[in-house]
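Novice: Mind having a look at this structure? Questions to follow.
The values are calculated or read from the model by the stated rules, or taken from the named source; none is laboratory data. Predicted model, so just to flag it, every value in this text is computed and none were measured. Don't worry about glycine lacking a Cβ; one is built from the backbone with ideal geometry, like all the others, and counts go over all protein chains shown.
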Amino acid sequence: MMNDEFTSNVAYSLQDVSFSYSRGKHAGSEAVLKELSCLMLSGRVLGILGPNGSGKSTLLKLLARVYQPQQGTIEILGESLSGLSQIEVAKRVALVPQETLQVFPFTIAEMVLMGRSPHHQGWGGWHWEDSQDWAIVQNAMEELDVAHLGDRLVTEVSGGERQRAVIARALVQEPQILLLDEPTAFLDLHHQLDIARIIRRLNRERGLTVILVSHDLNLASQYCDHVMLLNKGRIAAMGSPHMVIQPKVLEAVYGCSVLVDRHPQSGLPRVSLPM
Amino acid sequence: MTPLDYFSETTFMTPNLDTPPLPSSSSVLSLERSVSSDATGNRAPVFSRTLTRSRWWAWVSAACVVTVVTFVVCLGFGTQTIPYSRIIAVVMAVVVGPFTEQGIGDPTSVILLHVRMPRVVLAFFVGGSLAMVGVALQALLRNPLADPFVIGISSGAALGAAIALLFGVGISVGSISALPICAFAGALLALMIMYRISMAQYGFSVYTLLLAGVVLNAIFSAFIMFLTSIADPNRAFGMYAWLMGTLTGPDWPTLGMLVVYLGVGLVMLGMHAQSLNLLTLGEETARSLGVEVERVKKSVFLAAALLTGAVVSFSGIIGFVGLIIPHAVRLVVSADHRLLLPMAGLVGGMFLMMADTVARTALSPSEFPVGVMTALVGGPIFLWLLTTRQTQLGMK
């Protein structure tokens, strides 16, 4: 029973999406994602979980249209993703990649400012930022506590600071959907908590739809409204953390036994490895 | 199972304790609200190292002034001493006034207008183009050691030009010489091979690129040597001199043609300055920021091949300009390609004007190829970069 209220609350709708990195004759045999169908609600935090090679990051890249699926359709906010231009996609979705290349000496402010480029069309993207762009950049940098690092080089700051700057760059795109690939992978505990709280705040205060890929089951359990468990390119389970993060489900997917108890504060499922 | 089945099975069973408010409009992320109160006020950027329009003009106009000064100074060097007052008068006459007044019989103005000036102008265009190609290749390959000479693009162009020269294809068809076009084809071939190699493995290393460049250079050089060895000795001797990179003897019509080729290439590069900025973040990230990566890559590669082809067909192989200059400009001025491209062009032009002045006057009255100069300066800098800046170069 699909009605208007329903569809307006859907960030992504995937129908039979298949994707493979190799082109040509072997394309079918090595599919990373296989006939994926699901709905992702807007205004929520969705965690995409799964073992190595299950297609998590690939799915995220399809959602940002970094790659396009060979089969199936993806709809974003009611529009066909393949029908939009790259720049139109970039105004709706921002992607925070797992690793940020840092070969050239750009400053943090310059890197954050690059997030404004989807909003400037014209002669090959040649433009000068106006005061409105600067105000947006300034606010995003203050929000993520990197404003004081504006003139430092990307290569000079710590991993946590760089990750916050990349999130600031994603915010100045003014997206409705924020995609994050392993946002806490290379961070210590303190910075993990920091980033997780920022993500939750952006969702709660701004209504930003967040879709994140993570290896960290506990982080996902604690901070996500919904989780999707991928296995070998298919959805193994999708629902609330309570439903998905259960010993039987995890054992079936990861192939090892796990202990699941309750988080002492939130009561949400908590995963531990057995002795 | 349809998407809706997932939806009904899972979502509505969720004990959602704190359902967030759903976005009501498209401007969910209104980050600008805190400044909307001073909507009229031009909030100046607080980051001193970030590029603004006024900083752009300041740098570019300063560099233009220094370029003009360098140009005049370089004109002053040569076997015959010409006072600077005379040089400035002739230059001014060329730029603003009717230069017939300077007198055709005057030997100093003939030397200036038909010997020194074309050569210094050629040096400027060649140096500037090489530096800008270096900038573009470095951004595209995300590798600060990419340089048209180091990765074999110049050799490819040279092979194309050598084929044209030795088999007489170089004889002009109509008024257009086939030489730059053959060089362009050679450069394009080399670029495509290089690109396939660098993209063959995900997250390719700097070393792969350098090794592939060395081998590509060796292969093209072998072809060129083979061609020169079967060629008529007189032609072969001219070939050797040209291959080492010389800027001798251009005339004004030839220069005019070079400027046409370079103009097309430079516009193609310049219009992608902002896309090049985003491409330094990686192709996937660039795409997620709205860059049509494939289109930009094709356009930049064509421009790089066109520029390298034109430059090599006029001046032979001049190495390392595309490596040293972009690195220095990034270090001192900015990594932003909107400023980096024009600044590298101007500084690269200045550098080669000076290097060529040394090459043609240091051992006066004989001279040595300017390619020797740039290799002697650039080679050690390249090695120094390779050993000391490994972390910064992304090699560790």
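Novice: Which of the residues belonging to segment A:173-187 are out of contact with any His (no Cβ under 9 Å at 6 or more places or on another chain) and either modelled with pLDDT of 90 or more or closer than 10 Å to A:VAL96 by Cα (or both)? Let's see the steps before the verdict.
Specialist: Kept after step one, since they are out of contact with any His (no Cβ under 9 Å at 6 or more places or on another chain), are these residues of segment A:173-187: A:175-181, A:183, A:186-187.
Correct list: A:PRO175, A:GLN176, A:ILE177, A:LEU178, A:LEU179, A:LEU180, A:ASP181, A:PRO183.
Novice: Being surrounded by 14 or more Cβ atoms within 10 Å (Cβ to Cβ), modelled with pLDDT of 90 or more and more than 27 Å from A:SER37 (Cα to Cα) is the requirement here; does A:ALA236 meet it?
Specialist: It is false that A:ALA236 is surrounded by 14 or more Cβ atoms within 10 Å (Cβ to Cβ), modelled with pLDDT of 90 or more and more than 27 Å from A:SER37 (Cα to Cα).
Novice: If we keep just the residues of segment A:86-123 that are modelled with pLDDT under 85 and either more than 7 Å from chain B (Cβ to nearest Cβ) or under 21 Å from A:VAL66 (Cβ atoms) (or both), which is surrounded by the most Cβ atoms within 10 Å (Cβ to Cβ)? Quick ask: steps written out before the conclusion?
Specialist: Going residue by residue through segment A:86-123, those that are modelled with pLDDT under 85 are A:99-103, A:120-123.
Now restrict to residues that are either more than 7 Å from chain B (Cβ to nearest Cβ) or under 21 Å from A:VAL66 (Cβ atoms) (or both): A:99-103, A:120-122.
Values: A:GLU99: 14, A:THR100: 17, A:LEU101: 17, A:GLN102: 18, A:VAL103: 22, A:HIS120: 17, A:GLN121: 12, A:GLY122: 9.
Looking at the filtered set, the residue picked out is A:VAL103.
Novice: Let me ask another. So which helices (runs of 4 or more DSSP H) are wholly in segment A:52-125 and hold at least 1 residues that are touching a strand residue (DSSP E or B) at 6+ places or on another chain (Cβ under 7 Å)?
Specialist: Ranges flagged: A:56-63, A:86-92.
Novice: A follow-up question, please. State all residues of segment A:167-191 that are touching a Leu at 6+ places or on another chain (Cβ under 7 Å), away from every other protein chain (no Cβ under 14 Å) and surrounded by fewer than 24 Cβ atoms within 10 Å (Cβ to Cβ); if no residue qualifies, say none.
Specialist: The answer is A:THR184, and nothing else.
Novice: Restricting to segment B:125-144, and then to whatever is over 9 Å from the mean Cα position of the chain (by Cα) and of a type in the set (A, V, I, L, M), can you tell me which residue is surrounded by the fewest Cβ atoms within 10 Å (Cβ to Cβ)?
Specialist: Going through the qualifying residues, I end up with B:LEU141.
Novice: I've got another one for you. Within segment A:146-159, does at least one residue satisfy the condition of being within 9 Å of another protein chain (Cβ to nearest Cβ), in a helix (DSSP H, G or I) and under 24 Å from B:SER334 (Cβ atoms)?
Specialist: Yes, segment A:146-159 contains at least one residue that is within 9 Å of another protein chain (Cβ to nearest Cβ), in a helix (DSSP H, G or I) and under 24 Å from B:SER334 (Cβ atoms).
Novice: Being within 16 Å of the chain's Cα centre (by Cα) and under 30 Å from B:TYR240 (Cα atoms) is the requirement here; does B:SER299 meet it?
Specialist: Spelling it out, it is not the case that B:SER299 is within 16 Å of the chain's Cα centre (by Cα) and under 30 Å from B:TYR240 (Cα atoms).
Novice: Give the number of residues within segment B:356-377 that are at pLDDT below 85 and surrounded by 14 or more Cβ atoms within 10 Å (Cβ to Cβ).
Specialist: So the answer is 3.
Novice: List every residue pair whose Cβ atoms lie under 9 Å apart, where the two residues are 6 or more positions apart in sequence or sit on different chains, the first residue falls within segment B:201-224 and is surrounded by 14 or more Cβ atoms within 10 Å (Cβ to Cβ), and the second residue, located anywhere, is modelled with pLDDT of 85 or more and charged (D, E, K, R).
Specialist: Going by the 9 Å Cβ cut-off, the qualifying pairs are B:GLY213/B:ASP147.
Novice: Considering only residues of segment A:223-246 that are of a type in the set (Gly, Ala, Ser) and touching a Phe, Trp or Tyr at 6+ places or on another chain (Cβ under 9 Å), which is nearest to A:ALA31 (Cα to Cα)?
Specialist: Of the residues in segment A:223-246, the ones of a type in the set (Gly, Ala, Ser) are A:233, A:236-237, A:239-240.
In the following step, the residues that additionally are touching a Phe, Trp or Tyr at 6+ places or on another chain (Cβ under 9 Å) were identified as A:233, A:239.
Working: A:GLY233: 8, A:GLY239: 24 Å.
Among them, the one singled out is A:GLY233.
Novice: Contact list please: Cβ distance under 9 Å, first residue in segment B:277-302 and closer than 20 Å to B:ALA335 by Cβ and touching a residue at least 24 places away in the same chain (Cβ under 8 Å), second residue of a type in the set (Ser, Thr, Tyr) and surrounded by fewer than 23 Cβ atoms within 10 Å (Cβ to Cβ), pairs at least six apart or on different chains.
Specialist: B:GLY282/A:THR100; B:LYS297/B:TYR195
Novice: A further question follows. Got a sec? Which of B:ALA286, B:ALA305 is farther than 22 Å from B:PHE184 by Cα and crowded, with 24+ Cβ neighbours inside 10 Å? Write out each step before concluding.
Specialist: Details: B:ALA305 fails: farther than 22 Å from B:PHE184 by Cα.
Only one candidate qualifies: B:ALA286.
Novice: Oh, and also: Pick out the one residue from B:VAL291, B:VAL214 that is under 22 Å from the mean Cα position of the chain (by Cα) and outside any helix (DSSP H, G or I).
Specialist: From the options B:VAL291, B:VAL214, the qualifying one is B:VAL291.
Table: residues versus (1) over 26 Å from B:LEU352 (Cβ atoms); (2) modelled with pLDDT under 85; (3) hydroxyl-bearing (Ser, Thr, Tyr).
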{"residue": "B:ALA157", "(1), (2), (3)": "no, no, no"}
{"residue": "B:SER175", "(1), (2), (3)": "yes, yes, yes"}
{"residue": "B:TYR202", "(1), (2), (3)": "yes, yes, yes"}
{"residue": "B:PHE237", "(1), (2), (3)": "no, yes, no"}
{"residue": "B:GLY245", "(1), (2), (3)": "no, yes, no"}
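Novice: Tell me, please, whether a residue that is surrounded by 22 or more Cβ atoms within 10 Å (Cβ to Cβ), among the β-branched types (Val, Ile, Thr) and assigned to a loop (DSSP other than H, G, I, E, B) can be found in segment A:205-223.
Specialist: Taking segment A:205-223 first, the residues surrounded by 22 or more Cβ atoms within 10 Å (Cβ to Cβ) are A:208-214, A:217, A:220-221, A:223.
So of that shortlist, the ones also among the β-branched types (Val, Ile, Thr) come out as A:209-211, A:213.
Among the residues that remain, those that are also assigned to a loop (DSSP other than H, G, I, E, B) are: none.
Scanning segment A:205-223, I find no residue that is surrounded by 22 or more Cβ atoms within 10 Å (Cβ to Cβ), among the β-branched types (Val, Ile, Thr) and assigned to a loop (DSSP other than H, G, I, E, B), so the answer is no.
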